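The values are calculated or read from the model by the stated rules, or taken from the named source; none is laboratory data. Please read these numbers as outputs of a predicted model, since none were measured by experiment. Ideal geometry is used to build each Cβ from the backbone, glycine not excepted, and the neighbour counts take in all protein chains shown. The accessibility values were calculated without ligands, DNA or RNA, using every heavy atom of the protein model including side chains. Shrake-Rupley method; radii C 1.70, N 1.55, O 1.52, S 1.80 Å.
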Amino acid sequence: MQLSLGYSPGAFTLPDEQEISPLYAFFEVANTGEVAAEVRRIGVEPADGSGVFFGEGFEGERSLPCTLSPGESVRFWVRAKTLARTLRDAGYGGRPRLRFVAEDSSGGRHGTGFRFRVDEYLNLRDE
């Protein structure tokens, strides 16, 4: 199975289209293989693999587990402040190196690295 993962910070446009939501962390899982792939779990972990925060606070276009046809993708998101609190509570601050991880039905783990501004997101006045 071939899964390609991505991360980007962003916000939703609110219904009145004049304002945006608080900041979110968006994560995408795409099936780049030639056969269907089942995504069982997703999460964020330190780049060194020293702890996993699977699914805490995540929402998505589909619930897990989900099957992706070849070429299909699905997006998940979590409030930036929620993820920042989870990381702070686990002892991380500053701009730690992290990995977004997706686990497939055979137990294979796929990941992509990114940095997350823990302290900055904790200080946002977006609530």
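For the chain, the longest principal axis of the alpha carbon atoms and the long axis of helix 80-89 meet at an angle near 90°. With both labels modelled 7 Å from their Cα along Cα-to-Cβ, the E38 to S69 distance reads 1.9 nm.
The calculated FRET efficiency for the pair R62 and Q18, based on their C-beta separation and a Förster distance of 41 Å, comes to about 0.90. Loop-located chymotrypsin sites (Phe, Trp or Tyr not before Pro) across the range 1-90 with a Cβ neighbour count of 15 or fewer within 10 Å are F12, with loop assigned by DSSP. Using a probe radius of 1.4 angstrom, the carbon and sulfur fraction of the accessible surface of the chain is 42%. Each Lys or Arg adds one and each Asp or Glu subtracts one; over the other residues with Cβ under 10 Å from the Cβ of E28, this totals 0. Compared with the direct C-alpha span, the chain from T86 to S50 gains 11.5 nm at full extension, assuming 0.36 nm per residue. Solvent-accessible surface of the chain, taken per residue with a 1.4 Å probe and all protein chains present: 54 Å². Eigenvalues of the alpha-carbon gyration tensor of the chain, scaled by 5 and square-rooted, set the equivalent ellipsoid semi-axes at 25, 19, 11 angstrom, largest first. Net charge near R40: determine it from the other residues with C-beta under 13 Å of the C-beta of R40, scoring Lys and Arg +1 and Asp and Glu -1. Net local charge, R40 excluded: 0.
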